[in-house]
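J.: Dropping the structure in here first, questions after.
A short reminder: the numbers here are calculations on the coordinates, not readings from a lab. The model shown is predicted, which means the values in this text are computed figures rather than measured ones. Cβ placement follows ideal geometry from the backbone for every residue including glycine, while neighbour counts extend to all protein chains displayed.
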Amino acid sequence: MVVVVDIETENTGAEIMADNKRIISVQLGDSSNQELYYADALDSSQSLVQVKTRINSIVKDGGVLAGYNVKGFDIPILKQFLEVTIPDANVLEIGEMKEMVELAQKVGKKHLRLEEACTEFGISSNHKWLMNARAEKFKNDPAVLANADKAAQRFVIARGWSFNFSRGYAIDKIAGGRAILESYQEFVSKRGSKDTLFYEYAVGDVVCEYRLMEALTC
């Protein structure tokens, strides 16, 4: 059994790992069925406590938890915030699959974003663009720009990037995080409704990642 695992975090900073405040949701599933567990669930069956039990059960049964950049992001964050440990033997990193590595080399990149990889296989990732559109309204927010300037100065020193590139990168990350958090708050206010941007965005990655995995192995 292969199940995609994907998480969303509260992160309104520019650092993908260091600025995470908490996990807000964990999604499990495939292209047909998805489960979403979230931090502020009133129903205990949808709580993050319950997802710990669910993941441990999958591992115990010998299942495989797959994902795109799951080793670099989802698994360490699950361990940090939920104390969930997933053994390497139960992990499939889609981004490291031979076909994925060859595709990245073919298009001249070290790594492809999920939506770029999906585009190569004709897999819809419309949920990404919907959240990007939500993020646009934050990109001129004075607080976002001030935080982006500070982050850009750090990136220039630590990563050797140009200031303009660093600033653009930081704005994208901060605005994107603000958009996800806002949509999550709307999702919570509607008691976890599937008819929300956050739900569509969160389960959208599960669907895309599973379909990409299928495309790479067919």
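J.: Can you list the residues, at least 5 places off or on another chain, whose amide H is less than 5 Å from the amide H of ARG22, using H built in the peptide plane?
T.: Under 5 Å from the amide H of ARG22 lie the amide H atoms of GLU10, each far enough along the sequence or on another chain.
J.: At 10 °C and 1.306 mPa s, grab the translational diffusion coefficient of the chain from Stokes-Einstein with a Kirkwood Rh over Cα pairs, rounded to a whole number in µm² per second.
T.: 88 µm²/s
J.: Could you put LEU28, LEU65, LEU145 in order, starting from the residue whose Cβ has the fewest other Cβ atoms within 10 Å?
T.: Ranked by crowding around the Cβ, least crowded first: LEU145, LEU28, LEU65.
J.: For segment 149-162, take each phi angle, set θ = phi - 60°, evaluate the Karplus expression 6.51 cos²θ - 1.76 cosθ + 1.60, and give the result in whole Hz per residue in order, putting x for glycine and proline.
T.: Those phi angles translate into 4, 5, 5, 4, 4, 5, 5, 4, 6, 7, 10, x, 7, 5 Hz.
J.: Among VAL51, VAL26, VAL84, which one shows the biggest mean-square fluctuation in a GNM of the chain, springs joining Cα atoms closer than 10 Å?
T.: VAL84
J.: Let me ask something else. Just GLY122, GLY95, GLY176 to compare: in a GNM of the chain, with alpha carbon springs under 10 Å, which one fluctuates most?
T.: Per the Cα network of the chain with a 10 Å cutoff, GLY122 tops the list.
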